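Data first, discussion second: the structure below is written as structure tokens.
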Amino acid sequence: MDFAILPSHAGVDEAGRGPLVGSVYAAAVILPADYDLPGLTDSKKLSEKKRDALALLIKQQATAWSVAAADVAEIHQYNILFATMRAMNRAVAGLPIKPTKVWIDGNRIPADLSLPAEAVVKGDLKIAAISAASILAKTARDAEMYALDQSYPQYGFAQHKGYGTAAHLAALQQFGVLPQHRQDFAPVKALLTRGKKFI
């Protein structure tokens, strides 16, 4: 894969816009020119085992990296798109080194980003730093789901990672809506209108 390698540039990506529960995450990564990350690509194309292994290598090799989130309260207040933009801003601001440019996966740039930036559609398949960011964001998001699964194993968060699968929807019907669920997302909102809160 022909990745661009510009050591002063940061790649940014998000994870968790679609699920019904939990925070949305973003990561920012600056990679050195001599990085050695075999199999680096979009996190969605990797097995969980490979993602976890690459996440460790990225943290070891990156010139700088940062992971940030916007929680359920922010998602409710601002909507998922603007909450995602807030998480991206935080991830970039959290970098210990200021990049000369930021590559953002997708077609939108956070409005408050005070650095030169470029949106790159399918950037997680084109630019190494974005691929690395996608992996850090995804593994951080998954870690939240594993922690939630420890508290509420009946919902199956470790398996479906909060997405609206049949198993998740069935658990919502049976056990009700948790405070960590995104109240404005249609399947959750529909249950809340029928009084299906977690007891």
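The values are calculated or read from the model by the stated rules, or taken from the named source; none is laboratory data. Remember, predicted model here, so these are calculated numbers, not experimental data. Cβ placement follows ideal geometry from the backbone for every residue including glycine, while neighbour counts extend to all protein chains displayed.
Restricting attention to segment 155-187, which residues are of a type outside the set (G, A, S) and within 15 Å of G18 (Cβ to Cβ)? If you could, list the steps in order and put the result at the bottom.
Our first condition is that a residue be of a type outside the set (G, A, S); within segment 155-187, this holds for 155, 157, 159-161, 163, 165, 168-169, 172-175, 177-185, 187.
Matches in segment 155-187: F157, H160, K161, Y163, T165, H168, L169, H181, R182, D184, F185, P187.
Could you say whether any residue in segment 104-123 is within 30 Å of F198 (Cα to Cα) and of a type in the set (A, V, I, L, M, F, W, C)? Spell out how you get there, then give the answer.
Pass one, segment 104-123, residues within 30 Å of F198 (Cα to Cα): none.
No, segment 104-123 has no match at all.
Within segment 21-43, restricting attention to residues that are part of a loop (DSSP other than H, G, I, E, B) and in contact with a Leu (Cβ under 6 Å, 6 or more places away or on another chain), the residue that is nearest to K59 (Cα to Cα) is L37. Residue count for segment 170-186, restricted to those that are of a type outside the set (G, A, S) and either surrounded by fewer than 16 Cβ atoms within 10 Å (Cβ to Cβ) or out of contact with any helix residue (DSSP H, G or I) (no Cβ under 9 Å at 6 or more places or on another chain) (or both): 6.
Within the bounds of segment 94-106, is there any residue that is within 22 Å of D184 (Cα to Cα), touching a strand residue (DSSP E or B) at 6+ places or on another chain (Cβ under 7 Å) and among the charged types (D, E, K, R)?
no
Return the only residue of I130, I109, I104 being in the same structural domain as F82 (by TED's automatic domain parsing), of a type outside the set (D, E), closer than 16 Å to T84 by Cβ and in a strand (DSSP E or B). If you could, list the steps in order and put the result at the bottom.
Values: I130 fails: in a strand (DSSP E or B); I109 fails: in a strand (DSSP E or B).
On inspection, the qualifying residue turns out to be I104.
Condition first: touching a strand residue (DSSP E or B) at 6+ places or on another chain (Cβ under 8 Å), farther than 17 Å from S23 by Cα and either assigned to a helix (DSSP H, G or I) or in contact (Cβ under 8 Å) with a residue 24 or more places away in the chain (or both). Can you find one or more residues in segment 134-154 that meet it? So far as segment 134-154 goes, no, none of its residues is touching a strand residue (DSSP E or B) at 6+ places or on another chain (Cβ under 8 Å), farther than 17 Å from S23 by Cα and either assigned to a helix (DSSP H, G or I) or in contact (Cβ under 8 Å) with a residue 24 or more places away in the chain (or both). The set of residues in segment 93-106 being among the aliphatic types (A, V, I, L, M) and surrounded by fewer than 24 Cβ atoms within 10 Å (Cβ to Cβ) consists of A93, L95, I97. Of the residues contained in segment 58-69, one or more are found to be closer than 30 Å to V177 by Cβ, of a type in the set (G, A, S) and either part of a loop (DSSP other than H, G, I, E, B) or touching a helix residue (DSSP H, G or I) at 6+ places or on another chain (Cβ under 6 Å) (or both). When segment 13-39 is limited to residues that are surrounded by 22 or more Cβ atoms within 10 Å (Cβ to Cβ) and either among the basic types (K, R) or out of contact with any strand residue (DSSP E or B) (no Cβ under 8 Å at 6 or more places or on another chain) (or both), the one that is nearest to I75 (Cα to Cα) turns out to be G22.
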